[in-house]
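Visitor: Sharing a structure below in structure tokens format, with a few things to ask.
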Amino acid sequence: MSYCSFYSCYLIRSLQEGHTNKTYVGSTPDPIRRLRQHNGELTQGAYRTRKLRPWEHILVIYGFPSRKHALQFECAWQKPLQSRHTKCIANTDIFKARLKSCRGLNSVMTKVRAAQLLLNTSPFSLLPLKLRFVLPTMQSMFLDGISLPKQISWSVGPIQDLVKQNRIMDYVLCDLCNDMNSHVRCLSKDFSDQGIPVYGYCPNCAKLLVWGDLIKASKLRNKLVEDGISFDLDQEPSNDSSSNMDSSDSDSSVINLT
């Protein structure tokens, strides 16, 4: 099976003069590549945004457990007043009133209010979602006067750093054959003993693997990325900038589990 370790929904804004209040909502496993498509740097898709290029990221919401959840959130974010997820509170919820007071279905404030509504609506309010704001001003505007479920967290910073960290930390591998790359959640199901992962065997080389050791190695890779240390899966960690980290990043975004 294949598993993409990073599911996200994104909000972008046009930088074209006179249209900076125009936005677009989408979902993607690679928000950086998708933005390049919206800006015409890469071909394939993104036809609806051609007339208002260039675009920039405003907000990325990630942590969806599956592509299906991300697509459901995208659809509801695009048309919140028509979404089945919000119809049950259409006439009573305070977020609905604030949403209807905004001007323009695709304005920045409309999409902000819509995201606030959805994050407080089941099933999205039950998911361990995370918000990434590109600018501190956007964070202040989004969080002003609202509360979010306790498990939902947020941060401010470049989207590039966010994607890089999640690609590295979200997988485990076999240290013997290096051919088994698996998403943490996928492999934990095979390693579970009464619901708790303890040990199991590599699907590729049949080596006995201890779950705790796999998680420690995964955390180490994540720590190396946070410290700006590049590494190669077949070598010891190194500060040498010539080490090719990009290849490991791209390989870990989609993981094959045999």
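Visitor: Under a plain spin-label model, where a point goes 7 Å from the Cα along Cα-to-Cβ, how far apart in nm are residue 150 and residue 42?
Guide: Label-label distance for residue 150 and residue 42, simple model: 3.9 nm.
Visitor: State the answer as a single residue: which of 55, 40, 66 lies farthest towards the positive end of the charge dipole of the stretch 33-74, with beta carbon charges of +1 for Lys and Arg and -1 for Asp and Glu, about the Cα centre.
Guide: Positive-most Cα among the choices belongs to 40.
Visitor: Separation of the stretch 140-164 and the stretch 38-68 by C-alpha centroid, Å?
Guide: The stretch 140-164 and the stretch 38-68 have Cα centres separated by 19 Å.
Visitor: Which links in 111/150; 51/87; 22/150; 87/111; 68/150 stretch past 28 Å when you go from one Cα to the other?
Guide: Flagged as over cut-off: 51/87; 22/150.
Visitor: Something else: Using a 7 Å offset from the Cα along the Cα-to-Cβ direction at both residue 198 and residue 216, what is the distance between the two label points in nm, to one decimal?
Guide: 1.9
Visitor: With the crude spin-label approximation of a point 7 Å out along Cα→Cβ, what separation in nm comes out for residue 100 versus residue 32?
Guide: 4.3
Each value in this text was obtained by applying a stated rule to the coordinates, not by laboratory testing. Given the structure is predicted, the values throughout are model-derived calculations rather than measurements. Note: ideal-geometry Cβ built from the backbone for every residue, glycine included; neighbour counts use all protein chains shown.
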